[in-house]
Amino acid sequence: MALSKPLPHLKLHDIKNSSDTLDLYIQYLNASNTTVFDMIRRAKEICEELPDINDPFIETLKLKDKGSLGKLLEYLLFGQKPNCDSNPDLLKLCLDLKVTHFKKLKNGNYNAKERLTITNCGTTDNYETFHNIANSKTLQDCKYYVKCQKGLLFVVEHSEGKYKSIQEIIQQKVICICRYNMADFKHEHLIQIDADYSNIRERISNQTVSQKGQKYLHIHPHGCKGSHTRALGFTNKFLTMLVAEQLAKNRNIPLENILVQKGNSISINI
């Protein structure tokens, strides 16, 4: 739904460092709710300091890179080129930027196509690389908590085809943008995440790392096929629930108006 008020004019520094300014920025980007290109164009209208879609950096993105859309958005919406820094993308706000694809079901609802990878945490080639999790009794004590705690999710509709041109990428539909903070999660969600983390620690201790038994937070393979690298991530089901809850909160409507459960499957009625 489009906002009737004129677009604000914001400074890039404030967008990246002020929680209130970021919320306002996201509110107006969410209002477009059409394509990636429309969202990028609106961002440029709000903040003239941002690069535009014709910036030479965009041509350097590798289309076979699964994270190309995330890198494009980080640059065009926040003016920073991706790097290998383990710190959150928006450092002052402790926020990581994430892109996730939701698939459209036959009934018109959506759910998460895949898990949300949060951060690499070790390799089964060397269990010593999991030492921080093994030595941290709670997720909050673990160094990876800062990567898990807060996030800014760009939820994009999945379209067929593995590798896309930049033009195809920017024509994808943006379903919504959701900001989350684990401190605001429901009590029952936090209990399950704690249980999942305990399960992960036990499997590291036994050197039997797998996803078995983990419902919301899990440890999963990451990287090319056959990779022994492992990452922490949110499961498909929890990701769908998380987006539904944020949408209900943003729209000030009951969760049951958005989240649809049928048997063991859940979906979002947008």
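The values are calculated or read from the model by the stated rules, or taken from the named source; none is laboratory data. What you are looking at is a predicted structure, and each value in this text was computed from that prediction instead of being measured. Cβ atoms come from the backbone with ideal geometry, glycine included; neighbour counts cover every protein chain shown. For accessibility, only protein heavy atoms count, side chains too; no ligands or nucleic acids. Shrake-Rupley method; radii C 1.70, N 1.55, O 1.52, S 1.80 Å.
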Taking the condition of being open to solvent by 60 Å² or more (accessible area, probe 1.4 Å), part of a helix (DSSP H, G or I), over 14 Å from I177 (Cα atoms) and without any contact (Cβ under 8 Å) to a residue 12 or more places away in the chain, how many residues in the range 250-270 meet it? 1
Total residues in the range 235-253, condition farther than 22 Å from I26 by Cα and in contact with a helix residue (DSSP H, G or I) (Cβ under 7 Å, 6 or more places away or on another chain): 0
Does the range 193-201 contain any residue that is free of Cβ contacts under 8 Å to residues at least 60 places away in the same chain and among the charged types (D, E, K, R)? yes
Selection count where residues are within 18 Å of the chain's Cα centre (by Cα) and without any contact (Cβ under 8 Å) to a residue 12 or more places away in the chain, scope the range 146-184: 1
For the range 156-170, indicate whether the set of residues that are within 17 Å of L116 (Cα to Cα) and in contact with a Leu (Cβ under 6 Å, 6 or more places away or on another chain) is non-empty. no
From the list L247, L232, L242, which residue is out of contact with any Asp or Glu (no Cβ under 9 Å at 6 or more places or on another chain), closer than 21 Å to F185 by Cα and either of a type in the set (V, I, T) or part of a strand (DSSP E or B) (or both)? L232
Elements of type helices (runs of 4 or more DSSP H) in the range 36-140, at least 2 residues being touching an Asp or Glu at 6+ places or on another chain (Cβ under 8 Å) and open to solvent by less than 10 Å² (accessible area, probe 1.4 Å): 68-78
Of all residues in the range 175-203 being closer than 25 Å to I268 by Cα and basic (K, R), the one that is surrounded by the fewest Cβ atoms within 10 Å (Cβ to Cβ): K186
